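S.K.: Dumping the structure here so I can ask a few things about it.
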Amino acid sequence: MNTINAGLIAGLLLITSVLTVNAADVTITVNGRVVAKPCTVSTASTMVDLGDLYTVNLVSAGASSAWHDVTLNLTGCPVGTSKVTATFSGTADSTGYYKNQGTAGNIQLQLQDLSGNTLNTGAVKMVPISDATLSASFPLQVRALTVNGNVTQGSIQAVINVTYTYA
């Protein structure tokens, strides 16, 4: 009877030693980031209609259309976010203004804030986020402009992209 117990114990020791020989270390790597939650972009896209412009009014260099207002709004900004920065981009022509991608010739598009600062491609504008409303607003204005004069007939079209960052 003792021989059976001794054999059983020897077998268990053999199995246990085999199991510990085959053990391995495992590493779990966890990555992530903590970032500010963005505001809700209330004005996701907008269209500005310059209406009909007449070539006779755009003959001289520097002539332009009337300004047209456009406001970009952000709401639902998280508590603790103090400002939002808008970076403007689009296709520029040789004058530095936004290129008309329509068929009218010798005409550009000019974007400004209400303080008169021109916001060509690459320009950056920062506004604070209201603590009371948790919102921000970018009041802007746009117009057609001819740097060199002698505008030719055709359509006017440009796309201006805005990228927001938060702090």
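S.K.: Would you be able to tell me the number of residues in the range 107-134 that are buried (at least 18 other Cβ atoms within 10 Å of the Cβ) and more than 16 Å from residue 160 (Cβ to Cβ)?
M.R.: Number of matching residues: 1.
S.K.: Is it the case, given these coordinates, that residue 56 is at pLDDT 95 or above and under 14 Å from residue 162 (Cβ atoms)?
M.R.: Answer is no for this residue.
S.K.: Answer yes if at least one residue in the range 33-41 is in a loop (DSSP other than H, G, I, E, B), hydroxyl-bearing (Ser, Thr, Tyr) and at negative phi, and no otherwise.
M.R.: No, there is no match, as no residue in the range 33-41 is in a loop (DSSP other than H, G, I, E, B), hydroxyl-bearing (Ser, Thr, Tyr) and at negative phi.
S.K.: Which of the residues belonging to the range 68-81 are closer than 17 Å to residue 116 by Cα and surrounded by fewer than 14 Cβ atoms within 10 Å (Cβ to Cβ)?
M.R.: Within the range 68-81, 69, 71 qualify.
S.K.: Please tell me if residue 99 is within 16 Å of residue 165 (Cβ to Cβ), surrounded by 13 or more Cβ atoms within 10 Å (Cβ to Cβ) and among the basic types (Lys, Arg).
M.R.: no
S.K.: Restricting the search to the range 110-167, which residues are without any contact (Cβ under 8 Å) to a residue 24 or more places away in the chain and assigned to a strand (DSSP E or B)?
M.R.: The one that is without any contact (Cβ under 8 Å) to a residue 24 or more places away in the chain and assigned to a strand (DSSP E or B): 118.
S.K.: Also: Collect the residues in the range 44-60 that are closer than 14 Å to residue 144 by Cβ and either in a loop (DSSP other than H, G, I, E, B) or touching a His at 6+ places or on another chain (Cβ under 6 Å) (or both), keeping them in residue-number order.
M.R.: Once the filter is applied, which keeps residues that are closer than 14 Å to residue 144 by Cβ and either in a loop (DSSP other than H, G, I, E, B) or touching a His at 6+ places or on another chain (Cβ under 6 Å) (or both), the range 44-60 yields 48, 49, 50, 51, 52, 53, 54, 59, 60.
The values are calculated or read from the model by the stated rules, or taken from the named source; none is laboratory data. These numbers come from a predicted model, not from an experiment. Positions of Cβ are generated from backbone atoms using ideal geometry, with glycine treated the same way; all protein chains shown enter the neighbour counts.
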